[in-house]
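These notes concern the structure reproduced below.
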């Protein structure tokens, strides 16, 4: 029961007010039970949380492995190019190698921070 105070009807007798009060309490109880039930449905159990963390770790490990292999490939290409040109090598390849190294560093930090 809700009112905004603009001429809505309200109970005048003691019995009507008591009944309205009980209905208001029942509404509060019903809404709170509904929210508690929804939260319990959404909340993961300990085993589900451990499985979710393991899946995240495996996905991150795969991405870490792919990034590491691309970084190694990039640095090998860079060193071959540097030897062929007898100078420092191509700037674009060097930037690509540095970006791969930064990505690898970020992934390693995320991998270490995951809970076991």
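Does residue 76 satisfy the criteria of being under 30 Å from residue 99 (Cβ atoms) and more than 18 Å from the chain's Cα centre (by Cα)? So residue 76 fits the description; yes.
Within the set 99, 64, 54, 114, the sole residue that is modelled with pLDDT of 75 or more and within 28 Å of residue 42 (Cα to Cα) turns out to be 54. State whether the residues of region 20-43 include one that is in a helix (DSSP H, G or I), free of Cβ contacts under 8 Å to residues at least 60 places away in the same chain and under 30 Å from residue 97 (Cα atoms). Looking for residues that are in a helix (DSSP H, G or I), free of Cβ contacts under 8 Å to residues at least 60 places away in the same chain and under 30 Å from residue 97 (Cα atoms), one finds none in region 20-43, hence no.
Applying a threshold of 9 Å to beta carbon distances and a minimum spacing of six or more residues, or different chains, the list of pairs starting in region 1-16 at a residue that is at pLDDT 80 or above and ending at one that is in a loop (DSSP other than H, G, I, E, B) reads 16/10.
The values are calculated or read from the model by the stated rules, or taken from the named source; none is laboratory data. From a predicted model like this one, the values you see are computed outputs, not experimental measurements. No Cβ is skipped: glycine too gets one built from the backbone with ideal geometry, and neighbour counts run over all protein chains shown.
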